[in-house]
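Written out below as structure tokens is the structure these notes cover.
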Amino acid sequence: MFLWPGQPFLLSVQQRVEIHKLRQGENLILGFSIGGGIDQDPSQNPFSEDKTDKGIYVTRVSEGGPAEIAGLQIGDKIMQVNGWDMTMVTHDQARKRLTKRSEEVVRLLVTRQSLDTTSMLCLPPILASAHCWVPNSEGQERIPGPA
Amino acid sequence: MFSRNHRSRVTVARGSALEMEFKRGRFRLSLLCDPPEDTELQRKLDHEIRMREGACKLLAACSQREQALEATKSLLVCNSRILNYMGELQRRKEAQVLKKTGRRPSDSGPPTERSPCRGQICISDLRIPLMWKDTEYFKNKGDLHRWAVFLLLQIGEHIQDTEMILVDRTLTDISFQNNVLFAEAGPDFELRLELYGACVEEEGALAGAPKRLATKLSSSLGRSSGRRVRASLETAGGSGSSPILLPTPAVGGPRYHLLAHTTLTLAAVQDGFRTHDLTLATPEENPAWLPLYGSVCCRLVAQPLCMIQPTASGTLRVQQAGEPRDWVQVHGVLKGTNLFCYRQPEDTDAGDEPLFTIAINKETQVRAGELDQAAGWPFTLSISNRYGEEEVTHALQAESRGALQSWMEALWQLFFDMSQWKQCCDEIMKIETPAPRKPPQVLAKQGSLYHEMAIEPLDDIAAVTDILAQREGARLETPPPWLAVFTDQPALPGPCSPASVAPAPARIHSLPWGRPRTFSLDAVPPDHSPGASRLVAPLPLQRSPRSRGLCSKGPPHTWLQSPV
């Protein structure tokens, strides 16, 4: 994608999230749901940019759960769990790596698409209020920029 | 390249005294004459030595790894039995010598301590669960890593082994079909159970070593193993601390390692299945290491002789409880926890029902007495049982004082046995006679499918044209209902290569075997309408047991979500 100066663009940010599992009876839960896997159909993934991406994504985060507290967000793509790679695993393998009974803390490396607003701040004031363009596959569309 | 580890070799040094004895076919530790039990032991020892020679010859002659494993196992079992018997003989000799040099035996010796009766111990349905980790699937791609395992069981001087079983990652448990029976065991028995394993694949390039191994085995003994042999002779046969099995020679051939062990006693006996903990003995680095779950499941039963054989019998007069209070002459047989009263002695053999039965258990009260006033039969025995609130007493009369004494003696012995054998005397535990040992089956090597597939050009063309035809062909029809038999689950763990894409079958392949096709990563999967969540049946695998680890399903149609 090409950028206009001052245009907010989607940035892939790597975040490290440390989740302390919560004990619920006999189970240790993290409080989120995952989707994806090399044995799943990637075209049905609503969160991925690239529809052939077979990675593991966070599809739901329980309110007040350990994942939300730790800062995990819906749509995050999980790259690693405690050092184990999660980009080339089946759905079940991913689930198992997250739910190991022997681990009370899981450290995730996630990738998050976020709007980068820093470029806005260093622009001269005139351009900051201009309209921003976000090109997409169907042609350009005007979207109102942030005030 | 092999490495000589610290384990000693089990061989006999050339020209050593031990070797000379073996050559002569006998082994005698002393020149004193042997009591009958010793000749029995001697006979067993000779038998084992002959078996050992046979096993050595077999090992030298065999060419396949599986045969070598069997032969090595027999050899090792023979060796350990030999050492065991030799140790036992030594102990007996020493005991004899001590007795002879000690006090003189007199007619009225010290009162013999009551010893509990012997019994039969049977262990069956042995099962050891395994715990394969994901890593096992990834470690050996394409090659099925296999182990040969067997169990050694020992009570006192008796060592028994189970059949050898080949284990690979497709098994969830190691199950032994054998029933192992120990004939003469006391209630204080210690059944030592040991699991030995060896890799089926060669450890290093040592093909052709069996012959060398066999000659070495029969002709040399290193200094350290000589010391070990002497040490085991000194300790009582079957000491609990050292493993039963002698260490294997480091020269070529299969090497068995002790994987786990445990000791079972009377407390573990139950007429049912129980799980016991195993003590693991090999570290993970050892090539023969198996991912054992850490427990063994088995059925350990004991049949004390007092329960299955009559311990006393004779004529008695019994007063039947209730009206009329007559004395009936019966033939009483004390067997197990019952005193059966038969009309005539012949009835016992005929299998007739006894006239009545008096229960004798731990709570039974027995009193003996001599009544002066009773006519004819003054020697009485009364047996009282408590049934709930009620106390039922049977009065019995014995023929003579001697008869009364022997009945009392039998009853005391029975009570003693019951106190020693505890739960085994509550009810007779069934023991199935062990089936004759099947000859070791030589299993076909279960290589991966890659080894089995024959590439034939004709088939290739047929398959390719099939695939092309399907691609061009019509949309997917509803698969026939019976195709559901071959449907795989979408989430298959294992080395499922994401690259293998099989064409969605609209019809069954006409190939003689449903060989899956592997395509390159660039292959475009057939176009499915988006959102079609209909499950299309994957390529049918006629070899369904082999489908493990083989991905030939169609492109996934699900996008599962799981909470964690």
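Could you report the range B:30-90's accessible area per residue, 1.4 Å probe, as an integer in Å²?
43 Å²
So for each of B:292-303, B:76-87, B:405-416 I average, over its residues, the number of other beta carbons within 10 Å; can you give me the resulting order with the highest mean first?
B:76-87, B:292-303, B:405-416
Other chains' Cβ within 10 Å of B:335-344 residues: what's the mean?
0
Note down the magnitude of the dipole of the range B:309-425 about its Cα centre, charges +1 on Lys and Arg C-beta and -1 on Asp and Glu C-beta and zero elsewhere, to the nearest 20 debye. Provide the component values of the computation, followed by the final result.
Working: 9 positive and 16 negative charges, 65 e Å.
The dipole of the range B:309-425 has a size of about 320 debye.
Going by a ≥ b ≥ c, the root eigenvalues of the Cα gyration tensor, does the range B:30-90 fall in the rounded group (a/c under 1.5), the prolate group (a/b larger than b/c) or the oblate group? Mind dumping the intermediate values first?
Working: a/c = 4.04, a/b = 3.07, b/c = 1.32.
Here the range B:30-90 falls in the prolate category.
Per-residue mean of other chain beta-carbon atoms within 10 angstrom of the beta-carbon, peptide A:95-103?
If you average over the peptide's residues, the count of other-chain Cβ atoms is 2.
If packing is taken as the average count of other Cβ atoms within 10 Å, what order do B:423-430, A:48-55, B:151-158 fall into, highest mean first?
On the way: B:423-430: 16.9, A:48-55: 14.6, B:151-158: 21.5.
So the peptides B:423-430, A:48-55, B:151-158, ranked by packing, come out B:151-158, B:423-430, A:48-55.
Using the beta-carbon distance between A:Val105 and B:Asp173 and R0 = 35 Å, what value does 1/(1 + (r/R0)^6) give for FRET efficiency, to the nearest 0.05?
0.55
Heavy-atom accessible area per residue, the range B:309-425, 1.4 Å probe: how many Å²?
So the range B:309-425 comes to 56 Å² accessible per residue, rounded to a whole number.
Once B and A are treated as a pair rather than alone, how much accessible area drops out, both sides summed, in Å² to 100, probe 1.4 Å?
So the buried area, both faces added, is about 1800 Å².
By its C-alpha gyration tensor, with a ≥ b ≥ c as the square roots of the eigenvalues, how is the range B:309-425 shaped: rounded for a/c under 1.5, else prolate for a/b larger than b/c, else oblate?
Numbers: a/c = 1.34, a/b = 1.21, b/c = 1.11.
Rounded.
Taking 0.36 nm per intervening residue step and subtracting the Cα-Cα distance, what contour gain separates B:Met51 from B:Thr433 on full extension?
Values: separation 382, 0.36 × 382 = 137.52 nm, distance 2.44 nm.
Result: 135.1 nm gained on full extension.
In the range B:30-90, carbon and sulfur make up what percent of the accessible area (probe 1.4 Å)? Write out the running numbers ahead of the final one.
Values: 1530 of 2590 Å².
Answer for the range B:30-90 is 59 percent, counting heavy atoms of protein chains only.
Between B:Ser382 and B:Gln405, what length in nm is gained on full extension when 0.36 nm per residue of separation is reduced by their alpha carbon distance?
My answer for the length gained is 6.9 nm.
The values are calculated or read from the model by the stated rules, or taken from the named source; none is laboratory data. Just so it is clear, the model here is predicted, and its values are computed rather than measured. Cβ coordinates were reconstructed from backbone atoms using ideal geometry, including for glycine residues, and neighbour counts include every protein chain displayed. To get the accessible areas, we keep the full protein, side chains included, count just its heavy atoms, and leave off ligands, DNA and RNA. Shrake-Rupley method; radii C 1.70, N 1.55, O 1.52, S 1.80 Å.
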